[in-house]
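As structure tokens, the structure follows; a few thoughts come after it.
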Amino acid sequence: MDRMRGLKQDDADWRGARTWSLVFPAGEDVDQVLEAAHREFLFENALNPFRFPSLRVMEEEVVEMTADLLNAPEGARGCMTSGGTESILAAVKAARDHARVERNIAEPELLVPASAHPAFIKAAHYLDMPCQRIELADDLRADLDSARQLVGPATAMLVASAPNYPHGLIDPVEELASLAAEHNAFCHVDACVGGFILPFLEKTGVPLPAFDFRVPGVTSMSADVHKYGYATKGASVVIHRDAHTLLNHQAFFFDDWPGGMYGSLAVAGTRPASAIAAAWAVMNYLGEEGYLERARVVAQTSAALKAGISAIDGLRLVGDPPASLMAFCSDQYDMGAVGDVMDARGWHLDRQERPPALHMMVTPNHARIVERFLDDLRFAVSSHGESKGKSARYN
Ligand SMILES: Cc1ncc(COP(=O)(O)O)c(C=O)c1O
């Protein structure tokens with residue numbers, strides 16, 4: 001324990017609201033709920049739902065609640081996975097196999113916006129699928145002309161992000177989904193980061209474009225409980241509009257070995273029970289009202305940060321991010337150097353490219369540091385922002 005605590009000394013201070021990604025703190029009460037759920041289900045294994053029916057019930061309820069949140073229609077089915085990357089891999093696999101089996105496409109293709117998460121490129125790589133990248137329009141959302149040029153008879157899945165990680169922008173989901181439908185292709189909305197914040201921001205009155213299953217051509221979605229669902233790591237949900245896709249194209253069943261029937265819905269075999277239990281516990285503990293309360297804080301904090309950053313001479317937001325993810329850049333300052341000064345002051349902002357920018361995901365925990373952060377940012381810009389070329393690049 002001493003050694004562990006010693007090692008931790010150099011870790012980022014997420015509790016102190018110094019990080020802008022990776023951890024999504026929602027309050028000490030939530031921490032306690034998560035710890036209790038972990039303790040209760042520390043040792044069980046979600047590999048076999050017949051041995052631990054409690055886990056099957058909790059997983060089903062997490063998926064049902066998420067499906068409700070994303071306005072999935074009756075008959076939609078999904079499962080929990082270890083995180084956004086696994087949900088995406090599972091959805092892409094389902095699309096590939098659907099295209100092969102039901103559309104007779106020998107080499108199904110994936111079509112993803114240039115700003116989509118690398119998990120899609122990873123999935124294409126693992127699943128040996130050609131992957132085309134949709135260019136970004138001037139507003140930095142997926143460009144529809146580029147998508148129209150790339151989509152074709154071999155397209156298995158077209159992707160839209162709600163929102164994307166780099167800029168926090170929501171792709172034109174309605175248009176992309178209808179383009180996919182015209183070509184009988186699937187349309188996956190990656191709401192890994194948005195799935196548990198956009199629906200609540202919308203309810204608090206933040207104007208958002210349609211991004212979920214209400215859009216007819218959307219066939220699947222991913223939403224991470226371990227991001228704005230405020231669960232501990234290892235909890236995401238992937239949902240298909242059509243249960244058939246989950247069971248026939250995503251799931252894997254095998255019995256041609258001495259060990260009897262083996263089956264899994266996504267990639268993992270053995271799965272930690274505690275991740276499922278913690279996700280279930282936090283969703284039930286917070287309920288819609290708890291998420292709404294936190295979304296109000298996130299909306300106010302995001303608005304204050306956006307206004308504060310935009311008011312600093314020489315800085316501007318990248319695009320027009322509608323929710324709680326944002327990046328800011330400059331035509332004048334070296335953003336790497338600005339980031340270095342912020343690092344020296346104890347803030348951890350991820351670096352970005354095209355344009356060079358610093359990145360933020362706002363959690364309820366950031367409400368109390370807005371002024372301190374903006375003071376340090378003003379200092380960073382005025383003191384070191386122009387020392388071009390000297391910055392270190394790391395995320
Ligand atoms: C938009 C988006 N999609 C997918 C992922 C991948 O999620 P994970 O890191 O849980 O695998 C992320 C992670 O930040 C993300 O922001």
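Listing for the model above:
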quantity	calculated
Helical mean residue ellipticity (222 nm; -39500 (n - 2.57) per DSSP H run of 4+; nearest 500) of the chain	-12500 deg cm²/dmol
Beta bridges per DSSP with both ends in the chain, % antiparallel, nearest 5	60
Accessible area of the chain belonging to carbon and sulfur atoms, whole % at 1.4 Å probe	52
Helix 335-344 axis, angle to the chain major axis (alpha carbon atoms, nearest 10°)	80
Ranked by how many other beta carbons lie within 10 Å on average, peptides 152-162, 309-319, 329-339 from highest	152-162, 329-339, 309-319
Net +/- balance of residues flanking Ser236 in space, Cβ distance below 14 Å, scoring K and R +1, D and E -1	-1
Cut-off 20 Å (backbone N to label point 7 Å along Cα→Cβ of Glu182), residues of region 100-135	109-114, 132-135
Fraction of alpha-carbon pairs over 15 Å apart in region 80-142 - percent	53
Estimated D of region 30-284 in µm² per second, where Rh is the Kirkwood radius over Cα pairs and Stokes-Einstein applies at 20 °C, 1.002 mPa s	117
Cα extents of region 239-289 along the three principal axes, largest first (Å)	48, 27, 13
Counted charge near Ser302, where neighbours are those whose Cβ lies closer than 13 Å (Asp, Glu -1; Lys, Arg +1)	+2
Protection proxy ranking, peptides 189-196, 50-57, 61-68, 171-178, average beta carbon neighbours within 10 Å, highest first	189-196, 171-178, 61-68, 50-57
Three-way shape label, region 199-301, alpha-carbon gyration tensor, a/c 1.5	oblate
Charge tally in the Cβ shell below 11 Å around Tyr165, where Lys, Arg are +1 and Asp, Glu are -1, Tyr165 excluded	-1
Mean accessible surface per residue for the chain, computed with a 1.4 Å probe while every protein chain stays in place, in Å²	45
Region 363-378 - phi-based ³J(HN,Hα) in whole Hz, Karplus 6.51/-1.76/1.60, Gly and Pro as x	10, x, 5, 7, 4, 8, 10, 3, 5, 4, 5, 5, 4, 5, 5, 4
Exposure rank, largest accessible area first [Tyr291, Tyr285; 1.4 Å]	Tyr285, Tyr291
Cα→Cβ-extended label distance, 7 Å offset, between Lys203 and Arg368, nm	2.6
Packing-based ranking, highest mean first, of 368-377, 7-16 given that Cβ atoms within 10 Å are counted	368-377, 7-16
5 angstrom amide H check on Cys187, placed H, neighbours 5+ away	Leu158, Thr219, Ser220
Distance violations [Cα-Cα > 24 Å] among Lys203/Lys306; Lys122/Lys306; Lys122/Lys203; Lys93/Lys203; Lys122/Lys227	Lys122/Lys306; Lys122/Lys203; Lys93/Lys203
Overall form of region 72-188 per C-alpha gyration tensor (a/c, 1.5; a/b vs b/c)	rounded
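The values are calculated or read from the model by the stated rules, or taken from the named source; none is laboratory data. From a predicted model like this one, the values you see are computed outputs, not experimental measurements. Positions of Cβ are backbone-derived with ideal geometry, glycine not excepted, and every protein chain shown enters the neighbour counts. The area values use the complete protein model at the heavy-atom level, side chains included, leaving out ligands, DNA and RNA. Shrake-Rupley method; radii C 1.70, N 1.55, O 1.52, S 1.80 Å.
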